[in-house]
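The values are calculated or read from the model by the stated rules, or taken from the named source; none is laboratory data. Small disclaimer: the values here were computed from a predicted structure and weren't measured. Positions of Cβ are generated from backbone atoms using ideal geometry, with glycine treated the same way; all protein chains shown enter the neighbour counts.
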Amino acid sequence: MSLLVIILKDEAQIRKVVSALLELEITDATVLDGEGVENLAVRTIPLFAEIGSLFNQDLAYNRTILAHIADPQLVDDLVKLCRREELDLADPAIACILTIPCERYKETGNE
């Protein structure tokens, strides 16, 4: 089992990603609202406020999707489905997608 993490830099594309997740029957997922560290730096650190325009991207807000997946092939299928909708999750300017191996918690009982 793996934890699928998608950091979607263009939050307006969330519908395409959610649609693809549902098509692949990845339904037990959580969507988090996020803020880019560049945006936070510009707002809170005076030095960065002056040079904030140099970041040259609108990284103010993002969406992070967390889901557990049993089959790693689902990640490739998700990327392909999104490409059909003209959303390239493999493009670092669009999204960061990764999987983290994990084990499911299993209660062993009282011994």
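Residue 88 meets all of the listed conditions (1) over 14 Å from residue 6 (Cβ atoms); (2) charged (D, E, K, R); (3) at pLDDT 90 or above but one, namely (1). Sub-7 Å Cβ pairs linking a first residue in the stretch 64-77 that is assigned to a loop (DSSP other than H, G, I, E, B) to a second residue that is surrounded by 14 or more Cβ atoms within 10 Å (Cβ to Cβ), at least 6 apart or interchain, are 72/2; 72/99, ordered by first then second residue.
Of the residues 45, 26, the single one that is at pLDDT below 90 and β-branched (Val, Ile, Thr) is 45.
Which residues, counting only those in the stretch 8-30, are crowded, with 17+ Cβ neighbours inside 10 Å and part of a strand (DSSP E or B)? Of everything in the stretch 8-30, just one residue is crowded, with 17+ Cβ neighbours inside 10 Å and part of a strand (DSSP E or B), namely 8.
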